[in-house]
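**Q** One structure coming up, written as structure tokens, with questions to follow.
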Amino acid sequence: MCGIVGYVGRQHAAPLLVEGLSRLEYRGYDSAGVAVLTSGKPRVVRTVGRVRDLEAAMPKRLAGTVGIGHTRWATHGPATEANAHPHASEDGRVLLVHNGILDNAAALRERLAADGVTLASDTDTEVLAHLVSRSEATSLEGKVIDALRQVTGTYAIAVLDADHPDRVVVARNGSPLVLGLGEREMFIASDVAALVRHTSQVVHLEDGELATVTASGFHTFTADAASVAKTPETLELSAEELEIGGHQHFMHKEMHEQPETVRRMLTGRLDDRFATARLDGLQLEPRELRAFRRVKILGCGSAYYVGQMGASMIEDLARIPADSEAASEFRYRNPIIEPDTLYVAVSQSGETADTLFAVREIQRKGGRVVGLVNVVGSSIARECDGGVYLHAGPEVAVASTKALTHMAVGFAMLAVALGRVRDLSFADGQRIINGLKQIPDQVAAVLEQEDAIAEVAKKVAAAPSLFFIGRVRGFPVSREGAQKFKEISYRHAEAYQTSELKHGPLALISEELPTVAIVPRDDLLQRNIGAAHEIAARRGPLLVVTHDGVDLGELDAARIVVPKNEDELDAILLTIPLQLLAYHAALSLGHDIDRPRNLAKSVTVE
Ligand code: AGP
């Protein structure tokens, strides 16, 4: 949510900033801006729209080797040039970019206005620029500390001051910030995606830390001005992984990467000798794994739905109670944290604020929380007490696909590991391990049906509203299918338990409302087929996502057939055609698939 970049060095900052912003555009894309110090004078360019609009608005010559930039996802005030970052102090000498939300911005705006300050935007961020500028401290570091003492909320900020032209001062509290180390140059970004082309040496700031960044390096410190020693880490990510390749959209690329990325994820983690999964990163001994009496999964959006798939796998295989809850609700209901519950935070970005705060709430109350996280070194990954990296590689499209598949596979491994220290037999453990080994080829087999799914998608996209239905293991599949469809097609899509239709929503079924029904070949097959017939009898158009060998009788329905795996693992594969369905529906509607309206990839505000 909002992307920040900064540069201090020997090259011209402006093109580097714009290029960095284009890599962070998935974080927000309603407006963008940069500020550069040219011969000590701040020059600011801001535009409404995408980073490409900013690029078009950039003057041909914008010299200067120190600068900051921002791509925005609006929180306070609409997407206008005045609300775009960087924000400036009244004299224009202090410039600031911010990611996060200041909770007491309204009170501070009032106070500044009462002091005679003219506020130029509707944003919370602007107050910080004024507070920095009005501080009586002599150093920029002192001014920033003074300003931050007055605000509450979350932030990652980068501050330029024409009176201190050799540096950018940055600070972090609740929003990610990373420094990239170059040769006589330094990079600043919300995410390593903006740095990886320039350096592989990075330093992550922790909450409560600030840093002075100059061409010759960085100095990290706390608000009490105590120095903090940092050892740079080497990035494992390569620049090529962030390229779109021959695909029209990142979402398309990411769906098609799944067979290979899942294969890579499984490598070295499936143990045939003991018919279990090896998840050393959890840092839990078998004795500890066995002591948990319950599992609680926390994630947001699609990660929460995949958490529901995971909970069902854990109950099936380990026979301990498990459930998944929206992390965004969790900490506000004063949750009961139990010492014998294993808490699992699941997140692609590892930066989702709601999930991160849930982790902290659990830890604050003494609970044990592990992460299922994709982005290495992200906040959630670092703050959890152990975890499993998803190894899906970078995911750029706002609509998550491969990371979710990796989450589901990660939960299957966790379920088998929990099961094998309990009553899951060797034979059943091996059955699941063998099932997991088939997943990459089976995902590839679903992806091969893309053309046929695209045809169905075009028809489905014509309807303004649709149902996605499934039951028990199929219900989270339908929730995720509806979510994906909504995000990028902007069509209303509602997920429902198949069993609940007759208790009310069946009234909505008509020729105008298609239903996507998840009908796996398992012990609920006949019940699911029965429900599909009830919909058809009311003239509801049907698309059935099912397995080979399923006899739907006389049912008038379009059909997508996915390979059968073990019942406990079926949800993983049933989700894949729904990704393609949403993608091709959105494509036929002409939408901006990788950057759907109103959304951002990484939701770092509450
Ligand atoms: C998925 O398509 C969505 N964009 C969204 O629901 C996402 O899964 C959610 O915001 C959680 O993100 P995270 O996995 O990075 O924590």
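**Q** For region 486-516, how many residues meet the condition of being polar (S, T, N, Q) and open to solvent by 20 Å² or more (accessible area, probe 1.4 Å)?
**A** Total satisfying the criteria: 3.
**Q** Just the residues that are under 27 Å from residue 215 (Cα atoms), out of contact with any Gly (no Cβ under 6 Å at 6 or more places or on another chain) and either surrounded by fewer than 18 Cβ atoms within 10 Å (Cβ to Cβ) or among the hydrophobic types (A, V, I, L, M, F, W, C) (or both), please, taken from region 58-84.
**A** 58, 59, 60, 61, 62, 63, 66
**Q** For residues in region 577-597 being within 11 Å of the ligand (Cβ to nearest atom) and out of contact with any Phe, Trp or Tyr (no Cβ under 6 Å at 6 or more places or on another chain), which is farthest from residue 258 (Cα to Cα)?
**A** Checking each candidate, the answer is 596.
Here's the yes/no breakdown for (1) surrounded by fewer than 18 Cβ atoms within 10 Å (Cβ to Cβ); (2) under 32 Å from the mean Cα position of the chain (by Cα):
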residue	(1), (2)
110	yes, no
116	yes, no
126	no, yes
142	yes, no
153	yes, yes
173	no, yes
176	no, yes
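**Q** Assuming residue 324 fulfils every condition listed in (1) of a type outside the set (A, V, I, L, M); (2) within 16 Å of the ligand (Cβ to nearest atom); (3) within 25 Å of residue 100 (Cα to Cα) apart from one, which condition is it?
**A** Of (1) of a type outside the set (A, V, I, L, M); (2) within 16 Å of the ligand (Cβ to nearest atom); (3) within 25 Å of residue 100 (Cα to Cα), only one is false for residue 324: (3).
**Q** Also, quick follow-up: Applying the selection to region 348-365, what residues are open to solvent by less than 10 Å² (accessible area, probe 1.4 Å) and within 15 Å of the ligand (Cβ to nearest atom)?
**A** Selection gives 350, 353, 355, 356, 358, 359.
**Q** Evaluate the following for residue 530: is it without any contact (Cβ under 8 Å) to a residue 12 or more places away in the chain, closer than 29 Å to residue 315 by Cα and not basic (Lys, Arg)?
**A** Yes: the conditions hold for residue 530.
**Q** While we're on this one: Checking the structure you have, find out if any residue of region 427-447 is crowded, with 18+ Cβ neighbours inside 10 Å, within 16 Å of the ligand (Cβ to nearest atom) and small (Gly, Ala, Ser).
**A** No, that holds for no residue.
**Q** Checking residue 392 against (1) within 13 Å of the ligand (Cβ to nearest atom); (2) within 20 Å of residue 606 (Cα to Cα), which test does it fail?
**A** (2)
**Q** Separate question: Return a yes/no flag: does region 369-380 have any residue that is surrounded by fewer than 24 Cβ atoms within 10 Å (Cβ to Cβ), hydrophobic (A, V, I, L, M, F, W, C), at pLDDT 95 or above and touching a strand residue (DSSP E or B) at 6+ places or on another chain (Cβ under 6 Å).
**A** Yes; the residues of region 369-380 include at least one that is surrounded by fewer than 24 Cβ atoms within 10 Å (Cβ to Cβ), hydrophobic (A, V, I, L, M, F, W, C), at pLDDT 95 or above and touching a strand residue (DSSP E or B) at 6+ places or on another chain (Cβ under 6 Å).
**Q** Which of the numbered conditions does residue 47 fail, given that it passes all the others? Conditions: (1) under 26 Å from residue 596 (Cβ atoms); (2) open to solvent by 60 Å² or more (accessible area, probe 1.4 Å); (3) more than 25 Å from the chain's Cα centre (by Cα).
**A** Only one criterion is unmet by residue 47, namely (2).
**Q** Of the residues 298, 317, 342, only one is at pLDDT 95 or above and within 16 Å of the ligand (Cβ to nearest atom); which?
**A** 298
**Q** As an exercise: evaluate residue 118 against (1) over 27 Å from residue 165 (Cα atoms); (2) among the hydroxyl-bearing types (Ser, Thr, Tyr); (3) without any contact (Cβ under 8 Å) to a residue 40 or more places away in the chain and give the number of the one condition it does not meet.
**A** (1)
**Q** Taking the conditions exactly as written (touching a residue at least 24 places away in the same chain (Cβ under 8 Å), in contact with a Ser or Thr (Cβ under 6 Å, 6 or more places away or on another chain) and closer than 19 Å to residue 158 by Cβ), does residue 16 satisfy them or not?
**A** no
**Q** Next up: From 517, 536, which residue is assigned to a helix (DSSP H, G or I), under 21 Å from residue 495 (Cα atoms) and not β-branched (Val, Ile, Thr)?
**A** 536
**Q** Given 325, 329, which one is outside any helix (DSSP H, G or I) and open to solvent by 10 Å² or more (accessible area, probe 1.4 Å)?
**A** The unique qualifying residue is 325.
**Q** Within region 247-257, identify whether any single residue is of a type in the set (Lys, Arg), at pLDDT below 95 and outside any strand (DSSP E or B), and answer yes or no.
**A** no
**Q** Regarding residue 121, is this residue touching a Ser or Thr at 6+ places or on another chain (Cβ under 7 Å) and either over 18 Å from residue 47 (Cβ atoms) or not in a strand (DSSP E or B) (or both)?
**A** No, not satisfied.
**Q** Do you know which residues across region 478-492 are away from the ligand (no atom under 13 Å from the Cβ) and closer than 20 Å to residue 534 by Cβ?
**A** Across region 478-492, the qualifying residue is only 478.
**Q** A further question on this structure: Residue under question is residue 269, and the condition is that it be within 29 Å of residue 580 (Cα to Cα), surrounded by 14 or more Cβ atoms within 10 Å (Cβ to Cβ) and over 19 Å from the mean Cα position of the chain (by Cα); does it hold?
**A** yes
**Q** Quick one: which of 18, 36, 44 is outside any helix (DSSP H, G or I), among the β-branched types (Val, Ile, Thr) and closer than 21 Å to residue 184 by Cα?
**A** After applying the criteria, what remains is 36.
The values are calculated or read from the model by the stated rules, or taken from the named source; none is laboratory data. Being a predicted model, the structure only gives us computed values, none of them experimental. Ideal geometry is used to build each Cβ from the backbone, glycine not excepted, and the neighbour counts take in all protein chains shown. These accessible areas exclude ligands, DNA and RNA; they are computed on the full protein's heavy atoms, side chains included. Shrake-Rupley method; radii C 1.70, N 1.55, O 1.52, S 1.80 Å.
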